[in-house]
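Participant: What follows is a single structure, and I will ask about it in a moment.
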Amino acid sequence: MTYRAPVADIAFTLNRIAGLSKLIERGLFEDLDADTVNAVLEEAGRFASEELAPTNRASDTQGARLVNGEVLMPEGVTEAYRKWVEAGWGSVAIPKEHGGQGLPFALSMALTEMWNSANMAFGLNPLLTQAGVHAIVAHGSPELQQKYLPKLVSGEWTGSMQLTEPHAGSDLRFLKTRAVPAGDGSYRITGTKIFITYGEHSMTDNIIHMVLARLPDAPYGTKGISLYLIPKFLVNDDGSLGARNDAYAAKLEHKLGIHGSPTAVMNYGDNSGAVGWLVGEPNGGLHAMLTMMIEARIGVGMQGVGIAERAFQQALQYARERKQGTTDAAGAHGSVAIAQHPDVKRMLLNMKVKTSAARAIAYTTSVAMDIAHHSPDAAERKAALAEAALLTPIAKAFSTDIGVEVASEGIQVHGGMGFIEETGAAQHYRDARIAPIYEGTNGIQAIDLVTRKLPSNGGETVQAFIAGLKETVCAVKASNEPAFGAMAEAMEAGTAALEESSQWLLRMLNENKNAALAGATPFGRLFGLTAGGVLLAKGALAASREDGPDAGARAIEARHFAETLMGETAGLKHAVSHAYETVNQADAVLGTL
Ligand SMILES: Cc1cc2nc3c(=O)[nH]c(=O)nc-3n(C[C@H](O)[C@H](O)[C@H](O)COP(=O)(O)OP(=O)(O)OC[C@H]3O[C@@H](n4cnc5c(N)ncnc54)[C@H](O)[C@@H]3O)c2cc1C
């Protein structure tokens, strides 16, 4: 099954819903104009569809394999990566002063969506490299920046991010990897990291690992973690490659999905100790990691959107071809494509609108990041950063949950053939399943949302965001557009549920934190459904005002989301405030721990 990048949808969501075009009109990106943005999207869409998408199947069936210490990549992937680098896709959103193209972060996230639709195992690699670039840009010494950034920015080398250890996953307090000063400004690192994405591979000459480790005298917990840059091959002062560093992949994991992405157990210091350099302050490693956490988490959210889009396209094509059953029009002896049955149409529409809503949230978060970085107005920058921080756990968790749901519905549309590997629908489902787990599980995202983001600025940020949603609801209502049906009422109920739940949680954070924690995941979903629904309505409103050719379709999309999916918000509101009553007594069911 081929993938066609939905460039028009992506451009509409970026510009009309998330508001990127307004930033461009304001001159926030120097001489960037709308035509250039469109040209970049078109060319990326072509590259994703024609060069990357054909590698997706071999990525899954062959996977990455560790043979005699070398990681062999699936057929076609190394070549596709080389072309990707040659085309300059690695440097899109990196600031110009660091050798990048300085294009908007939101645009780079649109491209991230396309790479991940085309081949999610491939798309993960640039995400991690770029997270490393951001860390070096923000915290690396001038020497490290000069030596490592150019080839990381171009994609000539890739990066890896290494936090996880056997006893330290969501909880990094017990991280054990050690870093000892070598007396010459470098450190010797020893320890084991697990689940390291692209920790080893054969696509590039060098891999630059960003590794969290502890100094010998480090304080307990997360305040005692430092960040180190450890190259696979040491780099000489003239830029040539030197000795092999003491950092090796001990094994690759066998996984449910993303088989083309090598997930390594990395051993440091089996011999003399891996040579590494401190990035940022001693014991400031978590802070340095947090710098790029927003970008990385939005990036994983884009994986959810990307895989949902691919699964939708595949299901739609299958439903148009597969004939079963009949309709009144076709008669008792007729046979119609399953896409003609109302229940299949409903599934396809669900898939489409969920994908669109997740896309709208993720791009809106990305545009907020662009404002936070590029607005000339300090107050606007601050408010935008707070909004981006608030929305990031939603962009990550809601979008990745949607990725799994849509991929699952895609299998359902295929019937039995969905369960059979050869259609490829099953691959999307298996690939999608990791995204709610890594880069902070979706449970951890919900906790971050409720315990940190909700109360930040005394609750002002969430109030301002909800006020913005309400403005759209009012505008939809005031439009009296018959095509919008009862959309405004559904959204009114959703925003009210979101507001009341936010206030309840803010109160609970002081009165009974466990009650807030028990309601965190339903709250994240309530937030995602409400924000997603209202953003789709914002798009429908913009399309109807412009009287464009897709105004009718956008109204139906937004209406379907609001009227058939947002009803869940009432139940979620109840779940937020009542989950604790039973969760608190769970031992009676689960047994005492
Ligand atoms: C394919 C793959 C690729 C990966 N790539 C990388 C990588 O490149 N670099 C890297 O460093 N790591 C990577 N990881 C690791 C990944 O980030 C972790 O698996 C993830 O953060 C969860 O940690 P864990 O597996 O230890 O689960 P745990 O932390 O043991 O969590 C298990 C469950 O408990 C819940 N939980 C844990 N703590 C709490 C809490 N305080 N409150 C409520 N619930 C809680 C979680 O939400 C989850 O549901 C990867 C993992 C996989 C599978």
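Participant: Give the residue, chosen from LEU14, LEU32, that is of a type outside the set (Asp, Glu), surrounded by 14 or more Cβ atoms within 10 Å (Cβ to Cβ) and in a loop (DSSP other than H, G, I, E, B).
Facilitator: LEU32
Participant: Only one residue in LEU23, LEU72, LEU107 is farther than 26 Å from GLY304 by Cβ, in contact (Cβ under 8 Å) with a residue 60 or more places away in the chain and of a type in the set (A, V, I, L, M, F, W, C). Which one?
Facilitator: From the options LEU23, LEU72, LEU107, the qualifying one is LEU72.
Participant: List every residue pair whose Cβ atoms sit under 8 Å apart, with the two residues 6 or more apart in sequence or on different chains, where the first one lies in the stretch 150-167 and is among the β-branched types (Val, Ile, Thr) and the second, anywhere, is within 9 Å of the ligand (Cβ to nearest atom).
Facilitator: Going by the 8 Å Cβ cut-off, the qualifying pairs are THR158/LEU128; THR158/TYR198; THR164/LYS193; THR164/ILE194; THR164/PHE195; THR164/ILE196.
Participant: Got a sec? Which of ALA110, ALA131, ALA106 is within 16 Å of the ligand (Cβ to nearest atom), touching a helix residue (DSSP H, G or I) at 6+ places or on another chain (Cβ under 6 Å), within 26 Å of LEU20 (Cα to Cα) and in a helix (DSSP H, G or I)?
Facilitator: Of ALA110, ALA131, ALA106, the one residue that is within 16 Å of the ligand (Cβ to nearest atom), touching a helix residue (DSSP H, G or I) at 6+ places or on another chain (Cβ under 6 Å), within 26 Å of LEU20 (Cα to Cα) and in a helix (DSSP H, G or I) is ALA131.
Participant: Looking at the stretch 258-298, which of its residues are touching an Asp or Glu at 6+ places or on another chain (Cβ under 8 Å), closer than 20 Å to LEU127 by Cβ, small (Gly, Ala, Ser) and at pLDDT 95 or above?
Facilitator: GLY260, ALA264
Participant: Kindly check whether there is at least one residue in the stretch 220-231 that is away from the ligand (no atom under 16 Å from the Cβ) and part of a loop (DSSP other than H, G, I, E, B). Give the derivation first.
Facilitator: As a first pass, look at the stretch 220-231 and keep what is away from the ligand (no atom under 16 Å from the Cβ): 220, 223-224, 231.
From what's left, part of a loop (DSSP other than H, G, I, E, B): 220.
Checked against the condition, which is being away from the ligand (no atom under 16 Å from the Cβ) and part of a loop (DSSP other than H, G, I, E, B), the stretch 220-231 yields at least one hit.
Participant: Then there is this: Go through (1) among the hydrophobic types (A, V, I, L, M, F, W, C); (2) within 28 Å of PRO6 (Cβ to Cβ); (3) within 16 Å of the ligand (Cβ to nearest atom) for ALA308 and report which single condition fails.
Facilitator: Failing condition for ALA308: (3).
Participant: Identify, by number, the condition in (1) within 16 Å of the ligand (Cβ to nearest atom); (2) crowded, with 24+ Cβ neighbours inside 10 Å; (3) of a type in the set (D, E, K, R) that ASP171 doesn't meet.
Facilitator: Answer for ASP171: the failing condition is (2).
Participant: Test GLU492 against the criterion of being among the acidic types (Asp, Glu), free of Cβ contacts under 8 Å to residues at least 24 places away in the same chain and in a helix (DSSP H, G or I), and give yes or no.
Facilitator: Yes.
One line per residue, one yes/no per condition, for (1) among the hydrophobic types (A, V, I, L, M, F, W, C); (2) more than 14 Å from the ligand (Cβ to nearest atom):
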| site | (1), (2) |
| --- | --- |
| GLN162 | no, no |
| PRO181 | no, yes |
| ILE194 | yes, no |
| GLY199 | no, no |
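Participant: OK, next. Report yes if some residue within the stretch 438-449 is modelled with pLDDT under 95, surrounded by fewer than 20 Cβ atoms within 10 Å (Cβ to Cβ) and either of a type in the set (Ser, Thr, Tyr) or more than 16 Å from the ligand (Cβ to nearest atom) (or both); otherwise report no.
Facilitator: no
Participant: In the stretch 134-160, how many residues are within 16 Å of the ligand (Cβ to nearest atom), of a type in the set (A, V, I, L, M) and modelled with pLDDT of 95 or more?
Facilitator: Number satisfying all stated conditions: 1.
The values are calculated or read from the model by the stated rules, or taken from the named source; none is laboratory data. From a predicted model like this one, the values you see are computed outputs, not experimental measurements. Every residue, glycine as well, gets a Cβ built from its backbone with ideal geometry; the counts of neighbours run over all protein chains shown.
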